[in-house]
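The values are calculated or read from the model by the stated rules, or taken from the named source; none is laboratory data. Since we're looking at a predicted model, the values are computed, not measured. Neighbour counts run over all protein chains shown; Cβ positions are idealised from the backbone, glycine included. Note: accessible area is taken over every heavy atom of the protein model, side chains too, but ligands, DNA and RNA are not part of it. Shrake-Rupley method; radii C 1.70, N 1.55, O 1.52, S 1.80 Å.
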Amino acid sequence: MAISRAANRRGAPVTDIPAASDPAINHASRAFPANRDRPVIEAIRPQVDGGRRPAKAALDDLVRVEADVFADGHDALWCDIRYRHVAATKWTTVPMSHMGNDHWRGIIAARELGRYRFMIRARIDDFATWVRDLSARLEAGQDVKVELLVGAALIQEAAMRAKNVDRLQLTALATQLRSDPRGLEGDLSIELAEWYGGHTLQDAVFSDRLGLLMSALGDPDDFAVSETYNFVVDTAKARCSAWYEMFPRSAASDPSRHGTFADVRASLDYVAQMGFDVLYLPPIHPIGRTGRKGREGAVVAHEGDPGSPWAIGATEGGHRAIHPELGSMEDFVSLVRDAADRGIDVALDLAFQASPDHPWVTEHPEWFRHRPDGTIRHAENPPKRYEDIYPIDFNTTEWQSLWIELQGVVQYWISAGVRVFRVDNPHTKPFAFWEWLLAWARTEYPDVIFLAEAFTKPRVMEQLAKIGFTQSYTYFAWRSSKWELETYLTELTATDVADYFRPNFWPATPDILTEELQTGGRAAFLSRLVLAATLSANYGIYGPAFELQEHVPKEPGSEEYRRSEKYEIRSWDRDDPESLSAFIAQINQIRHDHPALHFNDALTFHPVDNDRLIAYSKTRRSSPHDDIIVTIVNLDHGYPQSGWVDLNLDVLRVDPARPYVMQDLLTDARYAWQGHRNFVKLDPDVVPCHIFSLRQAPPESPVPV
């Protein structure tokens, strides 16, 4: 190797430096980077797992795409989004707006169900840079004759990529920039004046129309392009829904008999009048007799004990059969049809497990886990034991036939008209199975909704959402303090989790009767209902137990109900004067009337100087006025609480210098507020919450409206 000798800046000799003619140097100089893109595109949202899985959106959503985009130097940038539905062949391009601090944002309108793909592109915007610098030169009084020639060349180059009228107008403008002796003071022709909305050449050069056109006509080969990401568009009900859970066997008006689908049909008006649009039925299949649980979950069942609906399968059939006392398949289809006429979807429970009497046990014993003595192991969550249920062994060597059978169960009920499923304990089955099954369902039936009932570790719940579950149960039932609620909701709505995890809030379920509901009285039921229905766009209640304020536990310290409906048929007096049904109907009507409550993305918490009061808002931009809902809830179920609420009026886009009206949608009372800080007092013995609609008159109006 040839060696050249040199001296460093201090004069000391430097040795072992390859000569410029060295072959190693020449080879290295040819190892150029794959591209020389100057823009950097990063921090892209929405994305899940680096784009490996889709983010979530709903039909007619305006999907907000964001990224940090920057480059070396001081040149201006142009950013846009290219997107298409997977069924489309052409890409659509929409510009992005610079939001400041190198952050860019654009909007994709989700007009079709199914999967969309998108990418972000960025390039140096030579024309925008030229206009910016030209403005600075003019302000400094500099001669810009040469700069006009530079601009003319840029416009002429863009004209070569333009079509029809755009090409003609750009060519004419470039010609005038090059030749008009008056420079920017030159008058525009009538055609150019109409086109650019001005009279002089300077008006045209600095017009928004020319800027947007030039940016859109930039050299397509100059773009830096991000990876491709994707999102799935579900039905609008996936984003906003109100669920009502009902055990059909307890639907009869006659307490002496087993309820039927006809009884459930007779209850549809009751459910519809309360404003629910999903009616969820626990398992409707035959119930096993071997190991059947008795009342209160007793190990031994007595004559007449109906057993747990989740012990699926008997001589009458398994997951594709209906409990004979509920009715026939024709009865079920009639129920689904009549519910749909009222805007209600019937949701079925999807519980992939079997009773010892399930046909699968004899037909496919290899699908279950066996003990060393050859018997099948029943379900356990030590120390709890479920002798009436056999869990499925997804590690079976016959896993492919198992998966196909379970897929067939879903297909069967979809064919019967079911479009919503509540999935029981999905976290106890393999992620790979769910990802496979849900991908198939999403492709074949993009309007189907799957709610994951998984009260487990946060990362597991998030993974289920990532792999395709449409909605998810949450920890809401156990979040009761102000700090817990604000922290948890911030995580769900203001972090990357919001790109894929859709919360569905339930104050109680047949398995969960919290201490708060056991001891808090009517005020606890009212406040937990309002929190669930206004914090989350998706929520549900377990009825009629909830509206009738069922609150007695099986035993102290237990979250199980006494006389749990899981193990016995109950009779409910829906006409009880203490029922909350009218209040529930009012809450659901408010949700229906106010688009702000249909979304979670604009949830904002507002400080209150009393930790027993929580205040938050949701907003939706619309015309002629924004929909602004401010909810304030007393978290103390025993005593009145008061405090000063400090509204963030900047977020609400309210002028603090002018009064505004807070209309309580529960009582129709109206309060004149002004400025950020206002006083509230809530008595749990009256109504423990305000749901305000905020309105401010236009500046020219003398009084609030």
Point to revise | Accessible-area order (highest first, 1.4 angstrom probe) of the listed residues 325, 550, 330 | key: 330, 325, 550
Review point. Regarding segment 492-611, what are the three Cα extents along the principal axes, ordered largest first, in Å?
Key: 42, 33, 30
Point to revise | Residue order for 139, 191 - accessible surface, 1.4 angstrom probe, largest first | key: 139, 191
Revision key, fill the gap. When the charge dipole of the chain is computed with +1 on Lys and Arg Cβ and -1 on Asp and Glu Cβ about the Cα centre, the Cα farthest towards its positive end, among 213, 175, 99, belongs to 175
Exercise for review: Please give the solvent-accessible surface of residue 573 in Å², to the nearest 10, using a probe radius of 1.4 Å with every protein chain present.
Suggested key: 90 Å²
Check your understanding: Counting only the heavy atoms of the protein chains, how much of residue 506 is accessible to a 1.4 Å probe, in Å² to the nearest 10?
Key -> 10 Å²
Review point. Around residue 61, which amide H atoms from residues at least 5 apart in sequence, or from another chain, sit under 5 Å from its own amide H, with H modelled in the peptide plane?
Key: 110
**Study point:** q = 0.05, 0.12 Å⁻¹: log10 I(q)/I(0) that the Debye formula gives for the chain, counting C-alpha atoms only
**Key:** -0.36, -1.32
Check your understanding: Rank 74, 323, 625 by accessible area, highest first, at a 1.4 Å probe radius?
Key -> 74, 625, 323
Revision key, fill the gap. About its Cα centre, the chain carries a charge dipole, from +1 on Lys and Arg Cβ atoms and -1 on Asp and Glu Cβ atoms, whose size in debye to the nearest 20 is 1260 debye
Check your understanding: If amide H atoms are built 1.01 Å from N in the plane of the peptide, which residues on other chains or at least 5 residues away come under 5 Å of the amide H of residue 241?
Key -> 538, 539
Study note, to complete from the structure: Rounded to the nearest 500, the 222 nm mean residue ellipticity computed for the chain from DSSP H runs (n ≥ 4, each -39500 (n - 2.57)) alone is -8500 deg cm²/dmol
Review point. Which trypsin sites (Lys or Arg not before Pro) in segment 615-705 pass both tests, a DSSP loop state and at most 16 other beta-carbon atoms within 10 Å?
Key: 621, 653
Exercise for review: Counting other Cβ atoms within 10 Å, keep those with at most 10, restrict to DSSP loop, and tell me which trypsin sites (Lys or Arg not before Pro) in segment 39-83 are left.
Suggested key: 52
Check your understanding: Which loop trypsin sites (Lys or Arg not before Pro) in segment 237-289, with loop taken from DSSP, have no more than 15 other Cβ atoms within 10 angstrom of their Cβ?
Key -> 257, 289
Revision key, fill the gap. Here the relative contact order (percent) of the chain, from C-alpha pairs under 8 Å and at least 6 apart, is 9 percent
**Study point:** Residues listed by number, segment 115-134, amide nitrogen under 17 Å from residue 38 label point at 7 Å toward C-beta
**Key:** 121-134
**Study point:** Mean separation of Cα contacts under 8 Å, 6 or more apart, over the residue count of segment 516-662: relative contact order %
**Key:** 20 percent
